[in-house]
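Remarks on the structure that follows.
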Amino acid sequence: MKIQQFYNKAYAWILETGPSVLVGIGVLVAGFWLIRILSRWLNAHMYKRDIDPSLTPFLLSLAVTSLRVLLIISVMQIIGIQMTVFAALIGAIGVAAGLALSGTLQNFTSGVLILILKPFHVGDNIVAQGQEGTVQAIKIFYTVVRTYDNRTVVIPNSKLSNEVIINISSSGNRRLDVEMKFTNGIDFREVRNIVNNVLDHAQSALKVPERRIGISSIEPDGYKVMVNVWLDAHGFVDTKMEIQEKLMEALKGSGLKLPGMG
């Protein structure tokens with residue numbers, strides 16, 4: 001008798017919910033198939049749009065995961081599973097996770113913005129958080145900068161997105177400013193000729209933009225000469241020291257009586 005009642009209840013349940021279950025299974029299979037096609041299309045579309053390779057896998061995974069979650073929730077509703085308790089549980093977990101990971105989520109959001117807006121790229125020289133160096137990697141949560149004295153600095157992306165970043169290599173060149181003081185007895189035209197000769201023979205000194213040499217200030221005991229010359233942004237510090245050394249050698253070897261010389 002009990003077995004007959006069980007069969008009757010099972011038969012009634014199948015008649016009542018069977019069509020919904022079959023429809024749900026069909027929707028689930030079709031949904032996963034469509035998501036797979038959409039995933040391939042998104043991947044190709046992001047590649048054509050030249051989206052940063054570091055960001056593409058994450059965006060693709062986020063989109064696919066979100067669609068799959070929505071699909072599963074939809075199928076559960078089709079079958080007739082009550083979502084009230086489930087939704088409340090998900091909401092509570094979401095709030096707790098948000099509070100616990102607020103700093104991490106801020107770094108994550110900032111990383112996405114940096115990869116999309118591209119204020120700097122890997123290989124650029126930047127000044128940020130009191131550090132100057134070359135960008136080695138841009139991750140979702142942090143950026144790695146290698147300083148000129150070979151220190152590895154890991155900077156949270158939230159710091160880079162909310163504060164000033166100086167990109168000193170994005171334009172391709174930088175201007176070197178050298179100021180030198182001479183006594184009134186030294187002819188400025190001789191100084192200018194010596195400086196021009198040094199820069200003409202310096203392969204690292206760019207011809208365009210044009211260099212500038214002039215008197216920057218006049219003082220009672222002499223005058224100051226300002227030299228503006230453009231250099232490649234990459235290797236700027238090495239080139240700066242090289243040119244300054246050549247200027248010093250040329251001026252000392254010219255026979256001019258420089259300040260401090262006996």
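The values are calculated or read from the model by the stated rules, or taken from the named source; none is laboratory data. In this text the structure is predicted, and so the values were computed from the model without any measurement. We place every Cβ from the backbone using ideal geometry, glycine too, and count neighbours over all the protein chains shown. Note: accessible area is taken over every heavy atom of the protein model, side chains too, but ligands, DNA and RNA are not part of it. Shrake-Rupley method; radii C 1.70, N 1.55, O 1.52, S 1.80 Å.
Odds and ends about this structure:
- Any chance ASN125 is at pLDDT 90 or above and farther than 29 Å from ARG212 by Cα: no
- All positions within the range 224-240 that are aromatic (Phe, Trp, Tyr) and either more than 25 Å from the chain's Cα centre (by Cα) or within 13 Å of ARG212 (Cα to Cα) (or both): TRP230
- Any hit, the range 55-63, residues being outside any helix (DSSP H, G or I), modelled with pLDDT under 80 and not aliphatic (A, V, I, L, M): no
- Taken over the range 152-200, the criterion of being of a type in the set (D, E, K, R) and touching a Gly at 6+ places or on another chain (Cβ under 7 Å) is satisfied by LYS181 alone.
- Residues of the range 252-262 classified as touching a residue at least 12 places away in the same chain (Cβ under 8 Å) and either open to solvent by 40 Å² or more (accessible area, probe 1.4 Å) or assigned to a helix (DSSP H, G or I) (or both), total: 3
- SER204 being of a type in the set (Ser, Thr, Tyr), under 16 Å from VAL127 (Cβ atoms) and touching a helix residue (DSSP H, G or I) at 6+ places or on another chain (Cβ under 6 Å): no
- Where a residue in the range 223-245 is within 16 Å of HIS201 (Cα to Cα) and its partner, wherever it lies, is part of a helix (DSSP H, G or I), with Cβ under 6 Å and at least six apart: VAL227/VAL195; VAL229/LEU199; LEU231/THR239
- Residue, nearest to PHE236 (Cα to Cα), within the range 120-137, restricted to residues that are surrounded by 16 or more Cβ atoms within 10 Å (Cβ to Cβ) and among the aliphatic types (A, V, I, L, M): ILE126
- Taking the criterion of being under 14 Å from the mean Cα position of the chain (by Cα) and surrounded by fewer than 13 Cβ atoms within 10 Å (Cβ to Cβ), the only residue of the range 138-161 that qualifies is VAL154.
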